[in-house]
């Protein structure tokens, strides 16, 4: 009886392991997403300290919600990769999703850095141009200014 249970457990874990490892998004990109999220959290806390803003549980809760949303999107990509045929298209879509998440977090990091210090030469000549490049200068766009004037 004991052998049968361990054999069934071994078979079930083998099936789950095969399902789990048949499609996983780029581990390198997943690492970058995690690093970007941590840097965004750290720069956000530093920004709150420098600007003397209250650090509340609701602010930290937003990070948890964001992490949950990102994990959900990545999980949907993993499920799609395991349930659909193993085309390169699914891999490209999932890697594109991870690159998009890295882009969003990087933009937020630069926004936090610029809010911390916007008068130093480093901020003026590196952070501000990078932020404009990342946001495609959306804040200065005529389209955005026209919609703000209509309000």
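Bear in mind that the values in this text are calculations on the coordinates, not laboratory data. The structure presented is a predicted model; accordingly, all values stated were derived computationally and were not measured. Virtual Cβ from ideal backbone geometry, glycine too; neighbours counted across all protein chains shown.
General remarks:
- If you look at the Cα atoms of region 24-117, you get an Rg and a Dmax of 15.6, 52 Å.
- Exposure proxy ranking, count of Cβ atoms within 10 Å, fewest first, for 110, 126: 126, 110
- Each of 111, 105 has some number of other Cβ atoms within 10 Å of its Cβ, and from fewest to most they run 111, 105.
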